[in-house]
1. Name the residue farthest towards the positive end of the dipole of the chain from the options THR91, THR176, VAL128, assuming +1 on Cβ of Lys and Arg, -1 on Cβ of Asp and Glu, about the Cα centre.
2. In the stretch 62-160, what GluC sites (Glu not before Pro) fall in a loop by DSSP, with at most 14 other Cβ atoms inside 10 Å?
3. Taking +1 at the Cβ of each Lys and Arg and -1 at the Cβ of each Asp and Glu, which of THR243, LEU211, VAL281 sits farthest along the dipole of the stretch 186-290 towards its positive end, judged by Cα position relative to the Cα centre?
4. Per residue of the stretch 53-69, in order, report the coupling 6.51 cos²θ - 1.76 cosθ + 1.60 (Karplus, θ = phi - 60°) as ³J(HN,Hα) in whole Hz, putting x for Gly and Pro.
5. Kindly work out what percent of the DSSP beta bridges joining two residues of the chain are antiparallel, to the nearest 5.
6. Please list, in order, the residues from the stretch 347-378 whose amide nitrogen is less than 16 Å from a point placed 7 Å along the Cα→Cβ vector of LEU423.
7. Which of the pairs LYS209/LYS306; LYS431/LYS526; LYS445/LYS546; LYS487/LYS544 have their Cα atoms more than 22 Å apart in this structure?
8. Just order 281-287, 424-430, 259-265 by mean Cβ neighbour count inside 10 Å, highest at the front, would you?
Amino acid sequence: MNTAFVIGVDYGSDSVRSVIVNAGSGEEVAASVYYYPRWKRGDFCIPSESQFRQHPLDYIEGLEFTIKDCLQQATELDIAKKIKAISIDTTGSTPIAINEAGVPLSLLEDFSDNPNAMFVLWKDHTAVREAEEINRHAKNFKTDYLKYVGGVYSSEWFWAKLLHVFRADEKVRNATYTWVEHCDYIPFMLSGGKRAKDIKRGVCSAGHKSLWAAEFGGLPPNEFFSSLDPLLNGFTDRLFSTTYTADQAAGTLCEEWADTLGLSTDVVIGIGAFDCHMGAVGGQIEPYYLSKVMGTSTCDMLVAPKDEVADTLVKGICGQVDGSIIPGMIGMEAGQSAFGDAYAWLKQVLLWPSKNLLAGLANVDEETINYLIKELDDQLLPQLSKLAEELPVTESSELAVDWLNGRRTPDADQTLKGAIQGLNLGTDTVKIFRAIVESTCFGAKSIVERFIEQGIPVKGLIGLGGVAKKSPYIMQTMADIMDMPIKIHKSEQTCAIGAAMFAATAAGIYTKVEEAMEAMGQGFEKTYYPNAEKTALYAKRYLKYKEFGSFLSKKDIKEEQLNLA
């Protein structure tokens, strides 16, 4: 067992990371990160219009770099010959238009600079109107095709993005054979796929974002889409009816990629899935524990036995799908559209003077300016956290709502906006930061509340990701507001480790992913427990948060905000 190694690849919003893991012990023997250069420059993105696109070359170059770098780090183990499988996870829904040969249009010369021919990142909200149309349209059908996605379709998802791109760009529409999620495309590419119709689609992406369900016999019928917009007539014929769980193989490494990476063509390529789903497995999810992958946004994952869930459907979440997290169990997904992004937004606002005015100072050289900016960037949030922790919690403190990037759960609505109330001349930076932290935790509490209201118990919380490991103040606030402990997983790379666990299962090293979780899991490093005194105060503030949110979500308020935007 100790001679078998697997590779887990995790595609995040800003970077891709690969890890080589000992399939017997779970030991991470090499890791590498690659930041997308085009994305870092802001290419193809218009944040003011919520347009966020990523070029496939960022993904492909990053995949090659990180795997080669990992193999180079482990040369003394002669590890290339011992790699048994590769599995990948990605953000989602992050789909792209491809031609009949399975080539993304933006890899073709005619579309190389066309944002509509690129991957439409999960956080792209250009399809808000299309999502609203889908939600209205679905009410016209006797069958509830939205029942397994919480009853509300989001602009962050597959069909809304497809329709938006088709309406916006005739050239792309005419060149498109089909539409594929990032997590389904990379395994197809690695296994040398040459025909789009041969792509093996994961049940994770299909069930949570594409409206696939076994009960429907696959996707909703053509009539559902053609009556929504004739541009979609016949498109389901070029998609899929069969899906696969992530413990299965998509194929083996093709000769071209084997030569590129220095690996064998016997290496198994696993079915892909979303980062939060594989991250939950890497973080050793347990039934009825909400596994919170906390990064730029949050994805909250919960698994439960099928016989216990029975016919229970949780309204307003991002779906519940058989086998989407752990094969054989019902996987439920919820989350927040902005979490770390909310703190990053505040940091960006506060650092504006430094980044834009320091360069104009006389007698300060460029090296010193860059050093100062980096120090401020590194120290700002830790210092704000330290000072916010010292502030007393009161009922009347400044209060924020966390919808800076819309609301994902409960009840997806990307037209909603964030807000802060209770500002006065005594409000300072620390108090604003605290209000934003509290708001993200209140948003998390509303998700737990929805699960419980709908008949799914939440027995505890598992914290995963960068925010969970690096922000004690935020995690303690989370425990206090949730009024339940939150245990933090040891792994720095739970999504990539989860991908490695699935790779080991797809390769047959383990018969099921639960065995891989037990053998390869790294355990937990810390638990945050609620402070009873603060919990009582936060319970009162949470009611105010819900009241404020209810006001912001009123139809006339939303329309006024949209007109102003």
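Where a number appears in this text, it was derived from the coordinates with a stated rule and is not lab data. No experiment lies behind these values; they were computed from the predicted model shown. Cβ: placed from backbone, ideal geometry, glycine included. Neighbour counts: every protein chain shown.
1. Going by the charge dipole, the pick is VAL128.
2. In loop regions of the stretch 62-160 (DSSP not H, G, I, E or B), the sparsely surrounded GluC sites (Glu not before Pro) are GLU100.
3. Highest projection toward the positive end goes to LEU211.
4. Once θ is set to phi - 60°, the couplings for the stretch 53-69 become 10, 10, 7, x, 5, 4, 6, 5, 5, x, 4, 4, 4, 5, 5, 4, 5 Hz.
5. So the antiparallel bridges in the chain amount to around 70 percent.
6. What the label zone holds, given the 16 Å backbone N cut-off, is 347-352.
7. Listed pairs above 22 Å: LYS431/LYS526; LYS487/LYS544.
8. Going from most to least packed, we get 281-287, 259-265, 424-430.
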